[in-house]
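The values are calculated or read from the model by the stated rules, or taken from the named source; none is laboratory data. Treat the numbers as computed from the prediction; the structure is a model and nothing was measured. Cβ atoms come from the backbone with ideal geometry, glycine included; neighbour counts cover every protein chain shown. Keep in mind that these areas ignore ligands, DNA and RNA; they rest on the heavy atoms of the full protein, side chains included. Shrake-Rupley method; radii C 1.70, N 1.55, O 1.52, S 1.80 Å.
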Amino acid sequence: MRILTVADEEAKYLYDFYQSGRLDEYDLIISCGDLHRHYLEFLVTMAHCPVLYVHGNHDEDYDKYPPEGCECIEDKIYVYKGVRILGLGGSYKYTSRSEERFSRNAETD
């Protein structure tokens with residue numbers, strides 16, 4: 001299985017200078033955060049595989065405007081062809097979302 005992971009900066013190779021078929025070899029794409037939602041929407045449109053994502057340290061607008069066509073695996077286990085993937089997004093140290101996430105998890109415990 002071939003998995004493409006992306007994070008932090010949009011790769012011009014996959015976006016600005018995209019060539020048809022460039023993503024065909026991948027079975028799964030995982031975004032590890034801090035990417036613009038339009039970039040992920042572009043990838044899911046061009047790829048023939050699922051695009052999964054978690055929130056990065058600075059992805060506060062994903063809550064209001066999630067990347068369309070992509071699947072959020074934040075705090076979930078996603079199983080793809082027998083492979084288990086746990087989505088843990090952002091760093092508590094560097095995000096304002098940490099307090100919100102901590103209080104949300106405390107309410108469900």
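Which condition number does L40 fail, the rest of (1) closer than 14 Å to I3 by Cβ; (2) out of contact with any helix residue (DSSP H, G or I) (no Cβ under 7 Å at 6 or more places or on another chain); (3) modelled with pLDDT of 95 or more being met?
Result: L40 passes all but (1).
Could you please let me know if H48 is open to solvent by 90 Å² or more (accessible area, probe 1.4 Å) and closer than 24 Å to G90 by Cβ?
Answer is no for this residue.
Can you name the residue in region 21-33 that is more than 19 Å from I85 (Cα to Cα) and either within 13 Å of the chain's Cα centre (by Cα) or touching a residue at least 24 places away in the same chain (Cβ under 8 Å) (or both) and, of all such residues, is most open to solvent (accessible area, probe 1.4 Å)?
If we take residues in region 21-33 being more than 19 Å from I85 (Cα to Cα) and either within 13 Å of the chain's Cα centre (by Cα) or touching a residue at least 24 places away in the same chain (Cβ under 8 Å) (or both), then D24 is most open to solvent (accessible area, probe 1.4 Å).
Determine if region 54-69 includes at least one residue that is at pLDDT 90 or above, within 19 Å of D8 (Cβ to Cβ), assigned to a helix (DSSP H, G or I) and open to solvent by 30 Å² or more (accessible area, probe 1.4 Å).
No, region 54-69 contains no residue that is at pLDDT 90 or above, within 19 Å of D8 (Cβ to Cβ), assigned to a helix (DSSP H, G or I) and open to solvent by 30 Å² or more (accessible area, probe 1.4 Å).
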